[in-house]
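Note sheet for the following structure.
The values are calculated or read from the model by the stated rules, or taken from the named source; none is laboratory data. Everything numeric here is computed off the predicted structure, so don't read it as measured data. Because the Cβ atoms are built from the backbone with ideal geometry, glycine has one as well, and the counts that use them run over all protein chains shown.
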Amino acid sequence: MNDEELEATLRRYRLVDPPADLGDSAIAAAEARTRSYGHGWGAAAAAAVLALWFAAHAASWEPQGDPARDAEVAFVADILGGGEDALRYAELAVPRREPDVDLATRVEEPW
């Protein structure tokens with residue numbers, strides 16, 4: 001097969017020219033898509049669901065209580081006369097204990 005035969009064969013499979021109004025209809029379709037505002041609702045809904053999920057987990061989290069500190073707070077509140085005000089003051093007055101730290105795993109930071 002020589003070059004002329006190859007070109008003749010390829011001409012048979014040549015694509016036809018697109019219709020003249022194809023460009024106008026493509027531009028009109030693109031403009032119609034930019035005018036729709038529906039694409040932003042999905043992201044807003046996903047953000048709202050994520051915020052609700054975080055809020056539900058934060059609301060269900062309960063801090064770990066220290067029974068020894070709770071007893072000290074109750075003791076101090078009782079000494080102060082009891083009541084809601086005494087309990088609030090005792091909560092502020094009794095220090096919180098830091099958890100025990102294993103000194104073997106503690107590493108000093110370099111200067």
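Restricting attention to the stretch 17-33, the residues that are of a type in the set (D, E, K, R) and under 37 Å from the mean Cα position of the chain (by Cα) total 2.
Would you call Glu108 acidic (Asp, Glu) and either surrounded by 10 or more Cβ atoms within 10 Å (Cβ to Cβ) or modelled with pLDDT of 85 or more (or both)? Judged against the criteria, Glu108 is not a match.
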